[in-house]
Each structure stands twice: as C-alpha cells, then as structure tokens.
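What follows is a set of notes on a single structure, which appears directly below.
The values are calculated or read from the model by the stated rules, or taken from the named source; none is laboratory data. Since the structure is predicted, the reported quantities are computational estimates derived from the model, not experimental observations. Counting neighbours? That spans all protein chains shown, and the Cβs are built from the backbone with ideal geometry, glycine included.
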Amino acid sequence: MNMEKYVGLDVHKDTTVIAVADGGRFGEVRLFGTISSDLRALEKTLKKIGGEGVTLHVVYEAGPTGYVVYRRLKQLHIDCMVVAPSRIPQATGARQKNDRRDATLLARLHRAGELTPIHVPEDVDEAIRDLTRARADAMQDLCRAKHRLKSFLLRQGMHYPGKASWSAEHQRYLRALQFPIPSLRSVLEEYLFAYDQIVQRVQRLEELLAVHVPQWRMYPAVQALMCMRGFRLTAAAMLVAEMGDIRHFSHPRHVMAFLGLVPKQNSTGQTTRMGAITKAGNPHARWILVEIVQHALMTPKVSRQLGIRQEGQPAIYRDLSWKAQVRLHKRGWHLLRRGVMKAKVNIAMARELVGFIWDLLCHVPEPTR
C-alpha cells in the first residue's frame, strides 16, 4: 500500500528545520529535527523519511536561498513545491513564530491543500533576470552617486546654471570648478571618479544584455515588447524576465495583481473601501512599467527608432502598439484634467498598459524548453 508524507522545510543559509505530516486528515504532524542546509544532508534525511512505498510531498518558502533545493529534488523525482511567504494562511491570533512552528505549519497546510505554488523559472531564465537586476542595481548606484555629488556642491554654494544635467557641457563645468581649499577639490575628484566608474559598469552590463538576450529562448517575447513605445532591449528583457511566460496568467487582471498594481480593498456588507495599490508581487516589473508610461502623455507617434524596432514584426504587434499609445495618451490627459495627482495617473496608465502587454505577448509563439 502506497503511503504519503508531507514534508515542510524551513530553509536557512546554514540550517534547515524539517517537519513531517503523515497522510490522512488526522495523521500525526511531528517535528523531525534540524539538519545542515547542505544538499547531501537533505537527500539522506529524505531517504530516511521516505523509505520503500512512501511518496514524499515537500514544500518550503521562497527566500534568499533561491531554488537550489527545488531543482535538486526535481532531479531526484521528488514532488516539491515552493510557496510565497505572503500567500501562506496565518491564524489571526498567532503571536509566536519560530523555525519549528514554520516547518510544522507548512507540512500541515500542504497536507490540507491550502498552499498555492509559485512559478519557478528555468535556470537560464533566472540567469537573465539576475543580469537585468544587476543593471537596475547599477542604475540605482548611479542615481546615488549623482545625488551625493550635487549635495556636495550645494553645500559649497555651487549650482549648475544650465538646463541639461549630466550632459557633456555639465561635466565640463564640473571638471573646471575651483575651490579655495585643496581638500575640497580632492573630494570633487573622488565623486567624479565614482560617477565615471558606475557609468562604465552600466555600459558593460548593457553590452552583456545585448549579447545574451538574443540567445535566450524568450527573445521572441522581448522582440514583441520592443514594438511598443518606450521598450528598448533592456526594459523589454527586464519585464519579460520578471514575468516569465505570460501564459501563466489566464487574464490581464491576474498580471495586474501579480505586479501589485490593483487597489487594496476592505469591504463588508454594503460598505466598500478601496485603498492604495497593494504593491504586492514583483517590485522590479512594477518599477519598469511606471518608468515606461512616462512616454504616454507625449503625442502618439512612431519615431524612427520605434519604426526600426518594428521592422519585420507581425502587423498585430504594430496595431497593438499604436492602440496602446492612443489609449494611454487619452486616458492620461483625461485624468490630469480631472485634477488627479500625477503619481496616481502613472499607476492608472501602468495598469492599462499591462492589459496591452498581456494581449501582445499572448500572440507570441510559446517558447521551447
């Protein structure tokens, strides 16, 4: 007779706490113990728990340790599920939390069928995602370097009179500045050196993206997304890498919820209360969408660069791109004339843009594994 056991893992960098729930509604749930987070130690432990005629169902929370455990268990043909911590049901009155309780809760909920798995990306997909995130991190460092330099100059009573910051003229102005104290000039040189280093880092990462993304199995989706205004290679690759195959979502509303662009709701009876957006799900994709919609308030047009990106692409891509431009332009200005805050307008346009992106990527052939 085949027996089932549900194993909950609370995985950390050095240790993993294991709890086991026997199959059946009233089966025992017990703490197995704590082991090293080494994969070999986990394999040996699961062999002890399993044994002959036992089917294991393993679950653990997504976290900083990534998907190494999931991929290894799949190689061993052991059923494994990764769940988002924010989607795990919690008792309202629970006031105690530790590793043992977390592992036991995971095993019990997995046996009850109360857990929803997240999508685990392929190895190469995750590698491209890490590359796009490294570029985003470099851009954040670049913004910080600019702010530090400007703050330093402002403390010295210096302010660039021109309009275009960080242009060639602006940088000539910075390098020609003179200070009465030599140490201040040294501080300026250090800030300029840091700025130059980060600019070079951003350029290197963009060159790596230009090499690796065209070899990626999701590149057709990136090309389709580049047919839309504001999406060049870096932005398109980032969004596709964060969302994965769009067919995981059966409706655009599910994508909006995944990106945290839908409003919070606290309704009861006849009372309906809607709040700010949830900001749940993927912050990287949400950020790039809000940046992209900055183009939406400009007059709809197909620029020379956009026309080049659309060359050779199916007509449906170009049609959806134009419809998105017209719709978002109309929607954005309508909300602004009503007096809606610019930040809220950006979120509303980003939410509508998601619908067009979902429709566009559904026309892309399904990627091969």
task = Tell me which of these Cys227 doesn't satisfy, since it passes every other one: (1) over 27 Å from Thr368 (Cα atoms); (2) assigned to a loop (DSSP other than H, G, I, E, B).
result = (1)
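Kindly indicate whether any position in region 135-153 is more than 34 Å from the chain's Cα centre (by Cα) and part of a helix (DSSP H, G or I). Step through it out loud before you land on a result.
If we filter region 135-153 for residues that are more than 34 Å from the chain's Cα centre (by Cα), which is where we start, we get 153.
With part of a helix (DSSP H, G or I) added as a condition, the list becomes 153.
Yes: region 135-153 contains one or more residues that are more than 34 Å from the chain's Cα centre (by Cα) and part of a helix (DSSP H, G or I).
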remark   = Per the list (1) surrounded by 13 or more Cβ atoms within 10 Å (Cβ to Cβ); (2) out of contact with any Leu (no Cβ under 7 Å at 6 or more places or on another chain); (3) in contact (Cβ under 8 Å) with a residue 12 or more places away in the chain, residue check on Lys74 breaks on (3)
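Is it the case that some residue within region 12-25 is surrounded by 13 or more Cβ atoms within 10 Å (Cβ to Cβ) and either over 30 Å from Gly281 (Cα atoms) or assigned by TED's automatic domain parsing to the domain that holds Ala127 (or both)? Talk me through it step by step, then tell me what you get.
Residues of region 12-25 surrounded by 13 or more Cβ atoms within 10 Å (Cβ to Cβ): 12, 15-23.
Subsequent filtering for residues that are either over 30 Å from Gly281 (Cα atoms) or assigned by TED's automatic domain parsing to the domain that holds Ala127 (or both) retains 22-23.
Taking every residue of region 12-25 in turn, at least one turns out to be surrounded by 13 or more Cβ atoms within 10 Å (Cβ to Cβ) and either over 30 Å from Gly281 (Cα atoms) or assigned by TED's automatic domain parsing to the domain that holds Ala127 (or both).
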task = Output the residues belonging to region 36-65 that are without any contact (Cβ under 8 Å) to a residue 40 or more places away in the chain and within 24 Å of Asp125 (Cα to Cα).
result = Leu39
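What are the residues in region 215-224 that are of a type in the set (A, V, I, L, M, F, W, C) and in a loop (DSSP other than H, G, I, E, B), if any? Steps first, answer last, please.
As a first pass, look at region 215-224 and keep what is of a type in the set (A, V, I, L, M, F, W, C): 216, 218, 221-222, 224.
Once the filter is applied, which keeps residues that are of a type in the set (A, V, I, L, M, F, W, C) and in a loop (DSSP other than H, G, I, E, B), region 215-224 yields Trp216, Met218.
For region 261-272, does any single residue satisfy the condition of being crowded, with 16+ Cβ neighbours inside 10 Å and over 30 Å from Gln203 (Cα atoms)?
Filtering region 261-272 down to residues crowded, with 16+ Cβ neighbours inside 10 Å leaves 261-262.
When the remaining residues are screened for being over 30 Å from Gln203 (Cα atoms), the result is 261-262.
Checking region 261-272: at least one residue is crowded, with 16+ Cβ neighbours inside 10 Å and over 30 Å from Gln203 (Cα atoms).
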Region 236-253: number of residues that are part of a helix (DSSP H, G or I) and closer than 19 Å to Pro121 by Cβ = 11
query = Any idea how many residues of region 264-289 are more than 25 Å from Arg87 (Cα to Cα) and outside any loop (DSSP other than H, G, I, E, B)?
reply = 1
inquiry  = Is it the case, given these coordinates, that Val120 is under 30 Å from Thr34 (Cβ atoms) and aliphatic (A, V, I, L, M)?
reply    = yes
inquiry  = So, Ser321, is that one exposed (fewer than 13 other Cβ atoms within 10 Å of the Cβ) and either assigned by TED's automatic domain parsing to the domain that holds Glu352 or not charged (D, E, K, R) (or both) or not?
reply    = no
